[in-house]
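The values are calculated or read from the model by the stated rules, or taken from the named source; none is laboratory data. Bear in mind the structure is a predicted one, so any value in this text is a computation, not a measurement. We place every Cβ from the backbone using ideal geometry, glycine too, and count neighbours over all the protein chains shown. The accessibility values were calculated without ligands, DNA or RNA, using every heavy atom of the protein model including side chains. Shrake-Rupley method; radii C 1.70, N 1.55, O 1.52, S 1.80 Å.
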Protein chains: 2
Amino acid sequence: MMLINGQAGQAIDARDRGLHYGDGLFETIAVVSGRPQLWTLHLERLSLGCRRLRLSLPEEMLSEEAHGLCADQAWGVLKIILTRGPGERGYRFSPGRCTRLVGFQPAAPYPIRHYREGIVVRLCTTRIGLSPALAGLKHLNRLEQVMARAEWDDEYAEGLMQDANGNVIEGTMSNVFALIDGRLWTPSLSQSGVAGVMRRFILERSADLGVETHEAPLSLEMLRHAQEVFVCNSLIGVWPVSRIEDAAFEIGAVTKRIMTEVRPYSLMP
Amino acid sequence: MMLINGQAGQAIDARDRGLHYGDGLFETIAVVSGRPQLWTLHLERLSLGCRRLRLSLPEEMLSEEAHGLCADQAWGVLKIILTRGPGERGYRFSPGRCTRLVGFQPAAPYPIRHYREGIVVRLCTTRIGLSPALAGLKHLNRLEQVMARAEWDDEYAEGLMQDANGNVIEGTMSNVFALIDGRLWTPSLSQSGVAGVMRRFILERSADLGVETHEAPLSLEMLRHAQEVFVCNSLIGVWPVSRIEDAAFEIGAVTKRIMTEVRPYSLMP
């Protein structure tokens, strides 16, 4: 089921700048019991992205379409794409036009062993670019993630990406947290990466739980010596990490506590 | 006029990975007297890009469609987009599918003063990312160029972009050359940038002309003290640069010689 500028449809204008340049943003949202989860956080991130890219956000229409599309759905994924719309040739744009896609897809549950036993994570050889102009945004330029994901088939549940300096930034489709000396670290995203909604939710909830958090560059060496590691996104919720290459991790108390917090707002079983 | 997978059309599948991830490549080609110019070089770059992105190149169909579409056209632009086609949710892909767009648009001539007097070039504040996985490719992830081009209206004909280290990489839509101590320098593109077809043509032709060329990192300071500067792409051919901020340049003998070489293969008046 997909709405394109409010109308049921399956196709977009071939001149759309989303196709030609990746000139747009997206959100991927868990739908549980008829409602898009963490809607306010998703909308805030989209709004922030629109300000940085100088896109206008059709907030009320999006909200109406998203909630309408999900109302009868028990469990699945809502994807929103907002582009700068069809354009003339060239990078230059005129303000005002945009294309919005709102689509719902039912989703199969993720394997329950991912949550119970933790996942094995690959260290990707594809590096994530240093791009301060785009850092933090969930934009449509995702080729690095596509290339990183092509490094494996089913041997891993996720792959971690480092930047050119060797800092760990994120998973191909998730953010990463590590418990180091009692603090919950997550990489700072000022030079690359996507500022995930679930990442933000966990940072905020951790503060409420009295778990100290820290956003800072995270080296692979630090990560390897962490007491607990997990990855997160809006759909999977939290997957504990049991192994990254030859470094093994337990599913510890902090991870379990965060999983309990996240469960109702994600597609966690 | 546009062909989508060989059929006249105006719309693409909204699930196309070109839209969702910028998962594809493109070529922009000058059409003169019914023929796409520098076709072999364009196809070679596309082929190289396909190998790096693990896309299959429908070479014969593309060639047939491109030449057919241009046959009755005197002057204009051929744009080819090749994407990984419609996909399921997620970055992972299966081999084999792709979407090809081949479109022709008549083009107005560029202002003749750009060629006679040279252009004034902006130094963009938007930096180009360091992304070795994608460097050199003419891929669909072009948000940095969109943001850089949004820095001005009509005050400049082009804007130069630097990487995070301050090296000059390219224009928003062109490559850059500078005559420094008798050698024709152009930035190396191992960490970012697009390896332009006209850039390659000029490098090859310069060798034939006995002009020594050099691909290496190019600092802004070196560029400011160059004897001649020009930008190039497949459509504009060569635009001499008369000014970058407070640094002024003459249109010298080497630039004029290169312009003569390039004219028949571009949209130069």
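Being more than 10 Å from every other protein chain (Cβ to nearest Cβ) and either touching a Cys at 6+ places or on another chain (Cβ under 6 Å) or assigned to a strand (DSSP E or B) (or both) is the filter here, so list the residues in segment A:123-158 that pass it.
Listed by number, the residues that qualify are A:123, A:136, A:151, A:158.
So which strands (runs of 3 or more DSSP E) are wholly in segment A:160-269 and hold at least 3 residues that are closer than 21 Å to residue A:149 by Cα and either touching a strand residue (DSSP E or B) at 6+ places or on another chain (Cβ under 9 Å) or at pLDDT below 95 (or both)?
A:167-171, A:175-180, A:228-233, A:237-244
All but one of (1) more than 10 Å from chain A (Cβ to nearest Cβ); (2) open to solvent by less than 10 Å² (accessible area, probe 1.4 Å) hold for residue B:83, so report the exception by its number.
(1)
Looking at segment A:30-46, can you tell me whether even one residue there is among the hydrophobic types (A, V, I, L, M, F, W, C) and within 25 Å of residue A:143 (Cβ to Cβ)?
Residues of segment A:30-46 that are among the hydrophobic types (A, V, I, L, M, F, W, C), as a first pass: A:30-32, A:38-39, A:41, A:43, A:46.
When the remaining residues are screened for being within 25 Å of residue A:143 (Cβ to Cβ), the result is A:46.
Yes, that holds for at least one residue.
This table checks each residue for (1) farther than 28 Å from residue A:254 by Cα; (2) touching a Gly at 6+ places or on another chain (Cβ under 6 Å); (3) surrounded by fewer than 19 Cβ atoms within 10 Å (Cβ to Cβ).
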{"residue": "A:140", "(1), (2), (3)": "yes, yes, no"}
{"residue": "A:165", "(1), (2), (3)": "yes, no, yes"}
{"residue": "A:173", "(1), (2), (3)": "no, no, no"}
{"residue": "A:176", "(1), (2), (3)": "no, no, no"}
{"residue": "A:187", "(1), (2), (3)": "no, no, no"}
{"residue": "A:220", "(1), (2), (3)": "no, no, yes"}
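Quick one: would you say residue B:89 is at the interface with chain A (Cβ under 9 Å from one of its Cβ atoms), surrounded by 18 or more Cβ atoms within 10 Å (Cβ to Cβ) and closer than 17 Å to residue A:18 by Cβ?
Judged against the criteria, residue B:89 is not a match.
If you go through segment B:236-250, how many residues are out of contact with any Phe, Trp or Tyr (no Cβ under 8 Å at 6 or more places or on another chain) and surrounded by fewer than 22 Cβ atoms within 10 Å (Cβ to Cβ)?
5
Which of the residues belonging to segment A:92-106 are open to solvent by 20 Å² or more (accessible area, probe 1.4 Å), facing chain B (nearest Cβ under 10 Å) and in contact with a strand residue (DSSP E or B) (Cβ under 8 Å, 6 or more places away or on another chain)?
A:105
When both residues are 6+ apart or on different chains and their Cβ atoms are under 7 Å apart, which pairs have a first residue that lies in segment B:140-163 and is under 24 Å from residue A:85 (Cβ atoms) and in contact (Cβ under 8 Å) with a residue 24 or more places away in the chain, and a second that is surrounded by 23 or more Cβ atoms within 10 Å (Cβ to Cβ) and of a type in the set (Ser, Thr, Tyr)?
B:140/A:21; B:142/A:21; B:145/B:172; B:148/B:172; B:149/B:172; B:159/B:172
Filter segment A:68-86 for residues that are out of contact with any Phe, Trp or Tyr (no Cβ under 8 Å at 6 or more places or on another chain), more than 22 Å from residue A:19 (Cβ to Cβ) and assigned to a strand (DSSP E or B) and give the result.
A:75
So residue A:253 passes all but one of these: (1) closer than 20 Å to residue A:110 by Cα; (2) surrounded by fewer than 17 Cβ atoms within 10 Å (Cβ to Cβ). Which condition number does it fail?
(1)
Please verify whether residue A:110 is of a type in the set (Ser, Thr, Tyr), open to solvent by 10 Å² or more (accessible area, probe 1.4 Å) and assigned to a helix (DSSP H, G or I), treating the condition exactly as stated.
No; evaluated as a whole, the condition is false for this residue.
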